[in-house]
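The values are calculated or read from the model by the stated rules, or taken from the named source; none is laboratory data. Keep in mind that what you see is a predicted model, and the values were worked out from it rather than measured. Here the Cβ positions follow ideal geometry from the backbone for every residue, glycine too, while neighbour counts run over all protein chains shown.
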Amino acid sequence: MPGWDISPSGVGGVLSTVGDVMKVLDDIVQAYSGDLEGAATSAGTLAPGGASGEHKGQAGLVAAALAEFIEGTTDELQFIGTRIGKSVTAAVQATVAYQQGDLEMAAEAQQRAAGLVRPDMPDGWKAGRL
């Protein structure tokens, strides 16, 4: 019987590495918002029209731009984790299906070799008959 192209242990190793990277990515995402808020706070209060200085309640142009950037990228950033999770799940499901297919094909080959009848087949399939 020919060998398979997928190594379940290899897939497991890759998924383990992906899990490690996901943990680091999660830490980065958690820090992302706080870092941008810190940048906005430190950017000063340059107001529209060139005025600068202390303006109570006014964030300034840079802070406003950073706030818009955060708002525009938050959903995309959160979706990265969702996509990674779905990809990992699909890889596991595909590997399990591949292994099950391997077992089913091996069982069929053994049944054919032994001349066994498969009653679950519509025409009473017999081993050796294609």
For this session: Would you point out the residue of the stretch 44-76, among those that are within 21 Å of residue 31 (Cβ to Cβ) and of a type in the set (S, T, N, Q), that is modelled with the highest pLDDT?
Result: 73
For this session: Tell me, yes or no, whether the stretch 82-102 has at least one residue that is surrounded by 11 or more Cβ atoms within 10 Å (Cβ to Cβ), modelled with pLDDT under 80 and either hydrophobic (A, V, I, L, M, F, W, C) or more than 28 Å from residue 10 (Cβ to Cβ) (or both).
Result: no
